[in-house]
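Inspection log for the structure reproduced underneath, given as structure tokens.
The values are calculated or read from the model by the stated rules, or taken from the named source; none is laboratory data. What you are looking at is a predicted structure, and each value in this text was computed from that prediction instead of being measured. As a convention, Cβ positions derive from the backbone with ideal geometry for all residues, glycine included, and neighbour counts pool all protein chains shown. For accessibility, only protein heavy atoms count, side chains too; no ligands or nucleic acids. Shrake-Rupley method; radii C 1.70, N 1.55, O 1.52, S 1.80 Å.
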Amino acid sequence: MENDLGWWAVPLAVLGGAIRVSTPILFVSLGEMLTERSGRINLGLEGTLVFGAMAGYATAVVTGDPWAGVVLAALAGAVFGLVHGLICSMARVNDIAIGIAMMLLGTGLAFYFGKPFIQPVAPDLPSIPFGWWSDVPQVQAALNVNVLFLLGIAAALVLHWGLRSTKPGLILRVVGDSTDAARAMGLRPAVIRTMATAIGGAFAGVGGAYLSLFYPGSWNEGISSGQGLMAVALVIFARWQPINCFWAAMLFGGAGALGPALQSVGVTEGYYLFYAAPYVLTLGVLIATSSPNRALAGAPGELSITK
Amino acid sequence: MAMVEAQGTGGGAMAALRRAEPVVVPVLALLAGLVVFALFLLTQGRSPIAFFGYVWQGAFGSAFSWMNTLSRAAPLLLAALCVALPARLGLVVIGGEGAIVLGGLAAGAVALPLAGVPAVIGLPVMAACAMAVGAVWIGMAGALRHYRGVNETISSLLLAYIAIALMNHLVEGPLRDPESLNKPSTAPLDEALRVGMIPGMDVHWGLVFGAIACVLAWVLVERTRWGFAARIAGGNVRAAEVQGLPVGRLILGFTALGGACAGLAGFFEVAAVHWSANASLAAGYGYTGILIAFLARHNAIAIIPVAILLAGFDASSGLIQRRMDLPDATMQVLQGIVFMAILMSDAAYGRLPFFKAKG
Amino acid sequence: MTDFRLASLRPATPALLSRRDLLRGTAALGGMAALSMALPGAARAQSGLTVGFIYVGPRDDFGYNQSHAAGAAAVKAMEGVTVVEEENVPETQDVQKSMESMINLDGATLLFPTSFGYFDPHILTLAPNNPDVRFQHCGGLWSADKHPANVGSYFGYIGMGQYLNGIAAGHASVSKKIGFVAAKPIPQVLLNINSFLLGARSVDPSITCQVIFTGEWSLAVKEAEATNALVDAGCDVITCHVDGPKVVVETAAGRGAFVCGYHADQSALAPEKYLTGAEWNWAKVYTDMVTATLAGEAIPNFVRGGLADGFIRMSPLGPAVPEAGRAQFEAVKAEIEKGGFSVIKGPLKDNQGNIVAADGEAFLETDPVLEGMGYLVEGVIGSTS
């Protein structure tokens, strides 16, 4: 490790950080994007993410297989989504409020059942060394890419295509844009929204499993620093487009790596301000790309939060 | 049950009963939530009776427990208003935490040159600064919404994170009192600039001001022209604009007012609890306030009982840990279940047999 | 290290009521009145001494809070003592209410609020109103002219442990660059960073230490990012001062760097890469204080201790420490235990070029001046704000 990259360390760290940190944000925002495209918002994915992290880790500890952990985290997330979806199918129930209550319930259950799993060590998810061509250890480390990251990209592409060009995608969009139009087509909006919320929950659960089984790769009560809530907000930022969700997650993850990277090359003062970079950048982009006239292009018509 | 019998009696009783619906339905939902949680405890081999006994004892069972509960409720009242007021316009503001933090920081910072000034002048100045900073911070989310079309939910959340970073930077840098050693803080407030306890109680004045703010907010929303206009705009912005209502000014006004409430909460944290501004200002009251406001259906008066209920659960959490050796997260599970039950009960309005209007 | 396992921290409590009682009770559930009548232990029978412990985070965090909880578990095993604990108590009015609740409802007369931020104003507010309760606070600087007599402060010279960590690191490092993941630039943390580097420099004066502040006591992703950034910058031994070192230890070892532990023994997380660690031994401190209280003796208001007193201890040396390193480690450790050893001694400059210790000047570990440290020594790459 005698390689001293100087200032080149910063862009490299930002790239590496984007790959490492973005995955849970990507999964949660893809899941939330699906849910919101159906006309509902599930603000509780932070709770689902934390519960997924716990459930995935616990399963990996017990079975010794991290992939079993991912599967169980997805199932647990789907159950949380299903509960949210079913409750919100009842008349007059507010989806935002139920989401906030479920955030509390999800983290509460995760912490309650997670206590015995803080001490044991679970096996990590495997990663692929895409940096094999380089003999610079920093490059190798930055390009050590987890399989879930690739799955996340694949999911973003599939969802992009699926929402545009498939019948289920069309149904989802119709339901999201107008309950009345969907009913006129003989669709059952409540059922479709519940399914979309359940699938969204499964995505968030997988995001949680990434946190506990790969990066940072351990289960403790501070594992999420609000990534779940942030990812939900980023869906609005991404204008409900799967590919944009990917870029938003990358921007957010990369900007988050800026603070530690700058300190490591000697820019040491005012680190709290560097740590705020992801939020400042996101807000800046948001302001730059919004306009009062074409407010929230792409927003599903039935979505309560943007109505 | 008495309510069922009431069905048979005259129309006056029926009307009274229907007016009681907004109280009776959530209370029944609360009880249903408690039953569900009791089942959860039974699956864990724990005694629900003992559990609820301790909740009662720890939250409301004695004068001390009441003080404990009311102390915890004090910051939550103002934090919830930061959500409830903009919500009347249909805005979902989730970044009240940022206004609390910066409000507290402003109060702590402005107190330094005020040392030696009598409390009657110093405290209002500190409170005004805190409220102004809070108003600007949340008002910014409102302004971004109105002038740039930026969604206020995401912008207020981002602004909250930025506020906390700013506070940490200033408290550990330019505003740090070198004497604060291992807990970086601003210099301690002058003795005269500390807010004391309500006479006869072990609760600081923030509770009284929070309750007054809730009442004033209710009057504003329900009994004034501005409140009426806000409720129309909250129902349908385009219709409000067509009718010539000043939607922009309403958005700016209500977000700023909500932010001022959160800023005031920050002022009380500094002036009545910490006596300096530090990282403990980011205690999560802003996020708890979101839940309270939604549970209260953004009705400012309803915020008071909901905040007391939530604070009571929190107050009893310690006793549960100590007596039953359950993890602290148990209380989160209870709150999650109970609040979901209460929120679900929205679906029950007009459906419960004894509230159904006959023929 | 089995004494940090969860099982030892949380003995199973026998159910208060039988299952049949429960079901009957649930069926009879008729509102709050019935509930309060069924209240077990409303007037809790008190025998002997009740001791309260309060933690700022979860009590099994592989670090700071866990080290205190292990101490509480040792007290729990003592005769005639009841231990009550609360975890995740923030440094707000919540901790005042937790302490009052332990006093009023549990009859606790000896409290250990274990986080630094509990002291001012929270403990200082309650102490005058509860003269019969002893408040023992971890980390604070009690002084007779400023603070109530029923308040005491205790801490350990764990900087010495970081100095020994540094010796192990100095022998293991090839790149001559070591890294430190720190939460906040406060005196306790700065002393640890400085001690770590000075220990390494006692092996090789050319070694430098890169520090990254995360800004929070517990923030998993940022700690992992900081560790990665340090390894990317060429650091090949990493240690930390955050509440739960688990993430730092695992991430550093995963990147192939050596690690030195902190707060508790983390060797199980990286058996090959773990050099040694500076650990708290609160079990000894707490049982001593409780024994004194039971015997009716007063606990001194200002208690400090180091390696020799058993307040801190080192994790066993890992397989990666070379023979020369072992010898120096053991020799310096023995010298520290004898007393009179100084880590901060002149000539010494801070990393801004100011002299912090003149030639011939030396600060003993017991010197309270060190507990107000505001600088990083020459060779540390980092800033205090």
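Some observations on this one:
- Summary of packing: across the peptides B:144-157, A:100-113, the per-residue average of other C-beta atoms within 10 Å ranks them, highest first, as A:100-113, B:144-157.
- Chain C: most fluctuating residue of C:A183, C:A168, C:A308 per GNM, C-alpha cutoff 10 Å: C:A308
- Peptide-level mean, for A:71-81, of C-beta atoms on other protein chains within 10 Å: 0
- Take every DSSP beta bridge whose two residues both sit in segment C:242-385; close to 65 percent of them are antiparallel.
- Cα gyration tensor, segment A:206-299 - rounded (a/c under 1.5), prolate or oblate: oblate
- Mean Cα-pair separation over length for segment B:71-343, i.e. relative contact order, pairs under 8 Å, 6 or more apart, %: 38
- Inter-chain Cβ neighbour average for residues A:228-237, partner chain, 10 Å: 3
- Here the protein assembly as shown carries DSSP beta bridges of which approximately 25% are antiparallel, counting only pairs with both residues inside.
- Sequence-distant residues sharing a close amide H with C:F53 (under 5 Å, placed H): C:V84, C:E85, C:E86, C:F112
- Across peptide A:211-221, the average count of Cβ atoms from other chains found within 10 Å of a residue's Cβ is 6.
- Secondary-structure-derived ellipticity at 222 nm for chain C, considering helices only, amounts to -10000 deg cm²/dmol, per-run term -39500 (n - 2.57) for DSSP H runs with n ≥ 4.
- For segment C:167-230 versus segment A:1-65, the gap between their alpha-carbon centres in whole angstrom: 27
- Surface analysis of segment B:71-343 yields an accessible area of 31 Å² per residue, using protein heavy atoms and a 1.4 Å probe.
- Highest average first, the peptides C:214-221, A:160-167 ordered by how many other beta carbon atoms sit within 10 Å of their residues are C:214-221, A:160-167.
- For the protein assembly as shown, with +1 on Lys and Arg beta carbons and -1 on Asp and Glu, the positive-most of B:G266, A:A101, C:V290 along the dipole: A:A101
- The calculated 222 nm mean residue ellipticity attributable to helices in chain B amounts to -23000 deg cm²/dmol, summing -39500 (n - 2.57) over DSSP H runs of n ≥ 4 and dividing by all residues.
- Of all accessible heavy-atom area on the protein assembly as shown, the percent that carbon and sulfur account for (1.4 Å): 64
- Cα gyration tensor category, rounded, prolate or oblate, for chain C with a/c compared to 1.5: prolate
- Chain A, helix-only ellipticity at 222 nm - DSSP H runs n ≥ 4, -39,500 (n - 2.57), divided by all residues, nearest 500: -22500 deg cm²/dmol
- Nearest-10 value in Å² for the accessible area of A:M54, using the 1.4 Å probe: 10
- Cα centroid of segment B:92-160 to Cα centroid of segment B:258-276, whole Å: 10
- Shape call, segment B:71-343: gyration tensor on alpha carbons, a/c limit 1.5: oblate
- When peptides A:283-290, A:187-194, B:321-328 are sorted by average Cβ neighbour count within 10 Å, with the highest value leading, the order is B:321-328, A:187-194, A:283-290.
- Comparing A:P242, A:P292, A:P120 in a Gaussian network model of chain A where C-alpha atoms under 10 Å apart are linked, the largest mean-square fluctuation is found at A:P292.
- Normalised by the number of residues in chain C, the average gap of Cα pairs under 8 Å and 6 or more apart makes the relative contact order 16 percent.
- For segment A:9-87, the set of trypsin sites (Lys or Arg not before Pro) satisfying both a DSSP loop assignment and a count of at most 14 other C-beta atoms within 10 Å is empty.
- Residue of A:L229, A:L86, A:L148 that the Gaussian network model of chain A assigns the largest fluctuation, springs spanning Cα pairs under 10 Å: A:L86
- The residues of chain A present an accessible area of 35 Å² per residue when probed at 1.4 Å with all protein chains retained.
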